[in-house]
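Each remark here refers to the structure printed beneath this line.
The values are calculated or read from the model by the stated rules, or taken from the named source; none is laboratory data. This one's a predicted model, so the numbers in the text were calculated from it and none came from an experiment. No Cβ is skipped: glycine too gets one built from the backbone with ideal geometry, and neighbour counts run over all protein chains shown.
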Amino acid sequence: MKQPNLIALLAVLGLSINLTIIAQPSLQWAKRFNGPVANDQGNTVAVDASGNVHVAGSSDGNNFMSDYLVIKYNSSGDTLWSRRYNGSANGIDVAVAIKVDASGNVYVTGHSQSSGTGYDIVTIKYNASGLQQWAKVFDGGNSGANKDDMGYNLEVDIAGNVYVVGSSYPVGGNYADGVVIKYNPMGTLLWKININESPNYPEVTNLVTINNIGNVVVTEGVTTVEGGYVVFVLNPLNGSVVKKYNIFTAPEFLNPVIGFPNDIVLDGNNNMYVVSSGNQLGLGLFEVHTARFLVGGSGTRAWDAFNQVSGSATISGVGIDIDLALNTRHVAH
C-alpha cells in the first residue's frame, strides 16, 4: 500500500491591507502532489515574473527509487505540467535546486545515480512549456566507492549561461573538492573548476550568485562540525579567481568567520553578506554568524555579528536578506 508521504504544495499567501496598514496574509491556494507509488518530496521553489510557481524535488518511481520531479503551477494553482527524470542506473535521483530565467526556461540540478560512476551531477533545462531542451551529466572522474559528484545549487545569467555548484572527487583524491561548472544556453560545457582550499578536509561549493558586473560569486565550505568557508569571485569567461574573501591566511584574515555558509546576498555595490552556522569545537557553543564583506580592497570584512546557544540547544542559519537601507535580516532555527 502506498505510504502517505506526499508533497504538500504550496501555501501561497496573498497580502490584504486593512485600515491600520497591517499586512494580513490569507491563503490563496494549496496543492498536493501524489506520485505513482510511495514517497514524494519538494525541495525547492522558484516563481517567475508571471507568478507561475515551479517546484523541484523527488518522487518515487515504479521501482520505488526516486526520480527528479519538476512541477509548474500557474498563479491560480492549476498544474500546467510535471516532468520526471530517471538516471541511467534506474536508482536514486534527487533535484535540489531550481531557477527560472526571464524567458520562462526552467533549470534544475541535483544528484543522480549513473551506471558505473555512482552519483553524478545532472543538470536539466526545460522550456516554458516543459519540453526538455537538454540534460547534462557531470562525472568528476573518480568512480571509487562513495566518491560521488553532488549538485547543490545553480544560477543563470542574463545571456542564459548556467553555473552549477556542488562537490566532486578529483581523480585519485581522498576528499571531495568544491566544483563550479559552466554550461552555455545550448548545454555545452564551457569550463569547470575544482576548489580545494582546505586539502585535508571534505569541501563543497554550495552557494552561487552573479554580481552586477557579471562576475560569479560562490561559497566553498568545509563540511566539518566547526566549519569554515571562503567566498570566491570568479571571472565568468574562464572561472579564474578574481578575489577571495574570508581566507584563512594573512594578509586578508587571521581570524576568519567560522561555520558552514547557509545563504548569501549582494547589495547594489556588490558587497557580500553571508549567514553561516557552526559549532565551536570543545566549547559546546553553536553559533550563527552574519558577516559583511566589502568588495575589492584587502578583502577584510566590515563586520561580523553572531547568535550563540550552549548546552543541548542548537541553532542553524537558513537564509539572509537586506533592505534598501542595508539592514540585514537572517532566519535561523
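Conditions (1) out of contact with any Pro (no Cβ under 8 Å at 6 or more places or on another chain); (2) at pLDDT 95 or above, marked per residue:
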| position | (1), (2) |
| --- | --- |
| 21 | yes, no |
| 32 | yes, no |
| 40 | yes, no |
| 44 | yes, yes |
| 62 | no, no |
| 75 | yes, yes |
| 90 | yes, no |
| 100 | yes, yes |
| 116 | yes, no |
Exercise for review: Scan region 248-276 residue by residue and report those that are of a type in the set (Ser, Thr, Tyr) and at pLDDT 90 or above.
Suggested key: 273
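Given the criterion within 25 Å of residue 112 (Cβ to Cβ), more than 24 Å from the chain's Cα centre (by Cα) and of a type in the set (A, V, I, L, M, F, W, C), identify the matching residue among 69, 80. If you could, list the steps in order and put the result at the bottom.
Values: 69 fails: more than 24 Å from the chain's Cα centre (by Cα).
Going through 69, 80 in turn, just one is within 25 Å of residue 112 (Cβ to Cβ), more than 24 Å from the chain's Cα centre (by Cα) and of a type in the set (A, V, I, L, M, F, W, C): 80.
Among residues belonging to region 160-192 that are of a type in the set (A, V, I, L, M, F, W, C) and more than 30 Å from residue 128 (Cα to Cα), point out the one that is surrounded by the fewest Cβ atoms within 10 Å (Cβ to Cβ).
Start the filter on region 160-192 by keeping residues that are of a type in the set (A, V, I, L, M, F, W, C), which leaves 162, 164-165, 171, 176, 179-181, 186, 189-191.
With more than 30 Å from residue 128 (Cα to Cα) added as a condition, the list becomes 171, 176.
Details: 171: 10, 176: 26.
Out of the qualifying residues, it is 171.
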